[in-house]
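Enquirer: Take a look at this one; I'll ask things after.
The values are calculated or read from the model by the stated rules, or taken from the named source; none is laboratory data. Remember, predicted model here, so these are calculated numbers, not experimental data. Because the Cβ atoms are built from the backbone with ideal geometry, glycine has one as well, and the counts that use them run over all protein chains shown. Note: accessible area is taken over every heavy atom of the protein model, side chains too, but ligands, DNA and RNA are not part of it. Shrake-Rupley method; radii C 1.70, N 1.55, O 1.52, S 1.80 Å.
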Amino acid sequence: MTDSSRGVLLAVCLGPGGIPKTVVAEAELTLDGLVGDGHAFSRHGGHDRAVCLFSAEDQAVLVGEGVPCTQPGSFGENVLTEGIDFGLIRPGDHLTLGDEVRLEVHDVRAPCATLKSLDARFPDLLQGRSGFVCRVISGGRIAAGMAVRWIESPCP
């Protein structure tokens, strides 16, 4: 394991659908996603897209480029992490949150036009740093401060 395979869960975010999402102290994660989280469009949720991950490192780069969104949940993410190198993650990889929760990366998050309300340069500005959508392999309670670990898929 490299140092970039371990990080911390900085924020858990929920919302009725759309952006921004609101930071909550903790939430229950089921196979369908976070209890209390909604989606404005049916293609945004479902088992393969139950959780949206985003990195604090990518958020900081975007803020440095003039995007005025410094709060967790601004980009519609459910889970904001720090310390994991998102440039190494591929579909099929797993992430653990704490001791119980396990996610499988389904795909790169496709930035949608909803993000234009944040900055006219979106969704193009997010290309290559938009985060991931994940399936829930095993659920449980998640909260800020939990350890996050990236596990590379054994399948090529």
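Enquirer: Contour minus end-to-end for Val23 and Asp48, with contour as 0.36 nm per residue of separation and end-to-end as the Cα-Cα distance?
Expert: That works out to 6.7 nm of additional length.
Enquirer: Now a separate question. Quickly work out the Ser153-to-Asp32 label distance, labels modelled 7 Å from Cα along the C-beta direction, and quote it in nm with one decimal.
Expert: Those two pseudo-labels are separated by 2.7 nm.
Enquirer: Counting only C-alpha contacts under 8 Å and six or more residues apart, can you give the relative contact order of the chain as a whole percent? Walk me through the numbers on the way to the answer.
Expert: Values: 371 pairs, mean separation 54.1, N = 156.
Relative contact order of the chain: 35 percent.
Enquirer: Can you give me the Cα centroid spacing of the range 8-22 and the range 51-110 in angstrom?
Expert: 11 Å
Enquirer: Residues of the range 118-156 with the amide nitrogen closer than 14 Å to a label point 7 Å from the Cα of Asp107, along Cα-to-Cβ, please.
Expert: Label zone hits: 131-135.
Enquirer: How big is the Rg/Rh ratio for the chain, C-alpha atoms only, Rh by Kirkwood, two decimals?
Expert: 0.93
Enquirer: Quick one: net charge around Leu53, please, counting Lys, Arg +1 and Asp, Glu -1 for every other residue with C-beta under 14 Å from its C-beta.
Expert: -2
Enquirer: Round to a whole number: what % of the accessible area of the chain belongs to carbon and sulfur, probe 1.4 Å?
Expert: It is 54 percent, rounded to a whole number.
Enquirer: While we're here: How much length is gained if the chain between Thr114 and Ala60 is pulled fully straight, taking 0.36 nm per residue apart and subtracting their Cα-Cα distance, in nm to one decimal? Don't jump to the answer; show the numbers that get you there.
Expert: Working: separation 54, 0.36 × 54 = 19.44 nm, distance 2.01 nm.
Using 0.36 nm per residue and subtracting the Cα-Cα distance, I get 17.4 nm.
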